[in-house]
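The values are calculated or read from the model by the stated rules, or taken from the named source; none is laboratory data. If you're wondering where the values come from, they're calculated on a predicted model, not measured in any experiment. When we count neighbours, we look across all protein chains shown, and the Cβ atoms used for this are built from the backbone with ideal geometry, even at glycine.
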Amino acid sequence: MVDWLYQTDPGLNGGHIFAIDTTQTGLPDPDSLFNALKADPRYAQHELMNTTRDKLVEAGLIKDIGSGFPDGFLIEFSNASITPDTVTAGASKWVSGLGAIYATLTAQWSDGAWLLGDVEDFAIA
């Protein structure tokens, strides 16, 4: 899911910070996702942060919730539903109100790997 968001409209991947909010993933150990991303060479050109939009505002990296993120992009999840072989979640990649992607994504465990299914509710701003 993260890779799909990252690859969709790569122009939104600007800035040096790749922030991800793992708190709403529904995973029993949200830090495991962040640690996997840190170990993945596809994201090595970014400073990875496991944080929320509110914390980015508190840190001064975003002026306020309604403004853009000039130094990077944020991936967030919502409404996660997890079973042993299926994960469904709302997911977004956000840079600003005019630079955002949202979709509902479902991944299915099959033959020892997670396969991304059809993308639903896809929207891009």
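Applying the criterion of being out of contact with any Gly (no Cβ under 9 Å at 6 or more places or on another chain) and surrounded by 11 or more Cβ atoms within 10 Å (Cβ to Cβ) to the residues of segment 60-85, the residue that is nearest to residue 111 (Cα to Cα) is 75.
Checked against the criteria, residue 92 does not count as among the hydroxyl-bearing types (Ser, Thr, Tyr) and surrounded by fewer than 16 Cβ atoms within 10 Å (Cβ to Cβ). Looking at segment 45-62, is at least one residue under 18 Å from residue 80 (Cβ atoms) and without any contact (Cβ under 8 Å) to a residue 12 or more places away in the chain? No; the residues of segment 45-62 include none that is under 18 Å from residue 80 (Cβ atoms) and without any contact (Cβ under 8 Å) to a residue 12 or more places away in the chain. Would a scan of segment 104-124 turn up a residue that is among the charged types (D, E, K, R), in contact (Cβ under 8 Å) with a residue 12 or more places away in the chain, surrounded by 16 or more Cβ atoms within 10 Å (Cβ to Cβ) and assigned to a strand (DSSP E or B)? No, the conditions are met nowhere in segment 104-124. In this entry, residue 13 is excluded by the filter for residues that are farther than 21 Å from residue 108 by Cβ, surrounded by 17 or more Cβ atoms within 10 Å (Cβ to Cβ), modelled with pLDDT of 95 or more and among the polar types (S, T, N, Q).
Applying the selection to segment 53-73, what residues are acidic (Asp, Glu) and either within 14 Å of the chain's Cα centre (by Cα) or not in a helix (DSSP H, G or I) (or both)? 64, 71, listed by residue number. Residue 97 meets the stated requirement of being within 21 Å of residue 8 (Cβ to Cβ), exposed (fewer than 13 other Cβ atoms within 10 Å of the Cβ) and in contact with a Gly (Cβ under 8 Å, 6 or more places away or on another chain).
Restricting attention to segment 35-52, the residues that are assigned to a helix (DSSP H, G or I), surrounded by fewer than 17 Cβ atoms within 10 Å (Cβ to Cβ) and in contact with a strand residue (DSSP E or B) (Cβ under 8 Å, 6 or more places away or on another chain) add up to 1. Taken over segment 22-34, the criterion of being under 21 Å from residue 4 (Cβ atoms), part of a loop (DSSP other than H, G, I, E, B) and not aliphatic (A, V, I, L, M) is satisfied by 25, 26.
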